[in-house]
Amino acid sequence: MKYYFSLQFKRFLRWLADSGVPAFIALPFLIIAFLAASKWLFIQTAFSSWIYAIVAMFVLLPLSDQLRNAQLKMLFSNGQLWQLRIIENIILVAPFVAYLCFEQQFLPAAGLVPVAALLTRLPTNVRYAKVFPSPFRKFPFEFSVGFRKTAWVLGTAYLLMIPAILVVNYNLGVFALIMIFLTGMSYYLKPESQTYVWIYACSVQNFLLRKMATALICISILSLPMLLIMLMAFPDFRLITLAVQLLGYIFMISVVLAKYSAYPNEMSIPQGILYGVSLTFPLLFLLVIPLFYYKATRKLKPLLE
Amino acid sequence: MIAIRNLRKSYGGKTVLKGIDLSFEPGFVYGIVGQNGAGKTTLFKAVAGLEEFEGAIESSHELLKNHVGFLETNPIFLSRMTGWEYLKLLCAARNIKEDNFEEENLFDLPLDEYAENYSTGMKKKLALMGTILQRNELFILDEPFNGVDIYSNLIITKIVRKLKAANKTVLISSHIFSTLSDTCDIIHLIEEGKVVKSVDRDGFADLDQEMRSFDIGEKLDRLSIF
């Protein structure tokens, strides 16, 4: 088991090296970024400790991946497996617990540890045998696949519109609209296998245009009903709502380009930082979009032309 | 016609293909045999345009890759994508407006189910069906008979013959010599990144015999089984 954890640490260092940043820079940076993001969240709202605890639980979810757990099951005995899973969940959740204690939020901090241990018991043998209907069936693959994985998030976003309208809370409505866009953007975070790009019989420019057009059509299908509700429910904020929608479209285009600018790898840490900073200062996209486009054409050329 | 001239490929310091010269004609089926690591898949990927290489691959098509159907040894399917959506994606990528795949569904695949849940053989059949729907000119089939049952094996053999009759070029690799001798016109033997032998139908029996004579020798004595 000791070897397993040292191997995971080595893999983490290799991932950092592949991301293009030396570990001695990336590790302190990640710690500072974590602390800064935590502090920012705690300044925003009174419910931050609970949101923080939920975020921590989401961080643990990838460890419950079905394939990953099936492989671990083959390697370790049952007792060892649960021990190992509990230890890795607690290691991951430890920084969150420490920060909650720092903020003197002892109740959510105390709750997080047993929840992390319990999450190891999440059923991992789920085979999605029943096909969940997707309105994007004719637009394979990002939205058709992504919709099935995140339908509950999209449903939650639409449900949030009910209290937003009932208590006339515009911010909550905008949050729901942003949630739709962020969910759509998440469909473009993981690079697909190279054969899924290679199959296209078109130029790089055409490929990128097709991908961007599909992203815009599909995100419009998801967001336009909400946009209409927002425009009708909050007529005084029409301009701001339309600006949010427009910004959402720009974010969609940029995430498509960002994905292929690193292709076939995942976005590197410097690219991720650049993208994250641009999300905070959208004017930067005027520079970042052409840069990502240029990089994407270079990365895709060997596969398409 | 496709002509490969002095094809070389290295990964870091390791040279995988050491100067391959081959040519492929329409209406012919070519077998590529060799041990694991001989360079078969790398050669296929280079021909398909999935790998960069040194040397040249010439063809009558302006961009060969747009006319190639590549069946990988283990086709990759995205999570929560149905068989129908996979075929739709492959057709859309080649600007083919096709929605009704039931007629071409020779293998009776459950196209409305998630492809990730298919068995190994079914995945291979779906991927093969996709390459055919794309109306390609060159078909590269990397181990198409691996993991499929005997019935599907026969269907794949018949499909290969049909492709040949339709004047398509087919490249197949397989560890099962009989499947190659049933379908191929010419078989090339690759060893350590080089084509060491090319035989037509008359030489198949000798090549088969030669491949069977491989002996692991005393290495097996070193294996400890506890």
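At a Cα cut-off below 24 Å, give the lysines reachable from A:Lys149, other chains included and same-chain residues fewer than 8 away excluded. Straight-line reach from A:Lys149, under 24 Å: A:Lys130, A:Lys138, A:Lys190, A:Lys211, A:Lys259, B:Lys88, B:Lys123. Less than 5 angstrom separates the built amide H of B:Thr82 from those of B:Ala115, all sequence-distant by 5 or more or on a different chain. Here the range A:142-304 is treated as a sphere whose radius is the Kirkwood value from Cα pairs; by Stokes-Einstein at 4 °C and 1.567 mPa s it diffuses with a coefficient of 78 µm²/s.
Using a 10 Å Cβ count of at most 16 others and DSSP loop calls, identify the longest part of chain A lacking such chymotrypsin sites (Phe, Trp or Tyr not before Pro). With a cap of 16 other Cβ atoms within 10 Å, the longest stretch comes to A:129-305.
Of chain B, which part is the longest with no trypsin sites (Lys or Arg not before Pro) in a loop (DSSP not H, G, I, E, B) and with at most 13 other C-beta atoms within 10 angstrom? Could the numbers behind the result be given before it?
Numbers: sites that count: B:Lys97, B:Arg135.
Excluding the exposed sites themselves, the longest stretch runs over B:1-96.
Computed from backbone phi with θ = phi - 60° and the Karplus coefficients 6.51, -1.76 and 1.60, the 3J(HN,Hα) list for the range B:114-124 is 5, 5, 5, 8, 5, 6, 3, x, 5, 4, 5 Hz; x is used for glycine and proline.
Among DSSP bridges having both ends in chain B, what percentage is antiparallel? Round to the nearest 5. Don't skip to the answer; put the middle values down first.
Details: 20 of 37 bridges.
Here the share of antiparallel DSSP bridges comes out near 55 percent.
Its Cα centre serving as origin, chain B has a Cβ charge dipole (Lys and Arg +1, Asp and Glu -1) of approximately 400 debye. Peptide B:76-86 has a mean shielding of 6, counted as Cβ atoms of other protein chains within 10 Å of each residue's Cβ. What the Cα convex hull of the range A:2-119 gives, in volume per residue, is 120 Å³.
Taking only Cα atoms of chain B, what ratio of Rg to Rh do you get with Rh as the Kirkwood inverse-distance radius? Don't jump to the answer; show the numbers that get you there.
Values: Rg = 18.4 Å, Rh = 18.6 Å.
So for chain B, dividing Rg by the Kirkwood Rh gives 0.99.
Backbone phi angles across the range A:262-270, fed through the Karplus curve with coefficients 6.51, -1.76 and 1.60 (θ = phi - 60°), yield HN-Hα couplings of 10, 4, x, 8, 6, 3, 6, 4, x Hz in residue order; Gly and Pro are listed as x. Database remark: amide H of B:Lys197 closer than 5 angstrom to the amide H of B:Leu189 (H placed geometrically; neighbours at sequence offset of 5 or more, or on other chains; Pro and chain starts carry no H). Close amide H partners of B:Gly19, meaning residues 5 or more places away or on another chain with modelled amide H under 5 Å apart, are B:Leu7, B:Arg8, B:Lys9. Shape analysis of the protein assembly as shown based on the Cα gyration tensor places the equivalent ellipsoid semi-axes at 47, 29, 23 Å, largest first. Backbone geometry of the range A:286-300 corresponds, through the Karplus equation with coefficients 6.51, -1.76 and 1.60 at θ = phi - 60°, to 3J(HN,Hα) couplings of 4, 8, 6, 4, x, 5, 5, 4, 4, 5, 4, 4, 5, 6, 8 Hz, x marking Gly and Pro.
Taken together, the values in this text are just the output of simple stated rules run on the coordinates, not laboratory data. This structure is a prediction, so every number in the text was calculated from the model and none was measured. Counting neighbours? That spans all protein chains shown, and the Cβs are built from the backbone with ideal geometry, glycine included.
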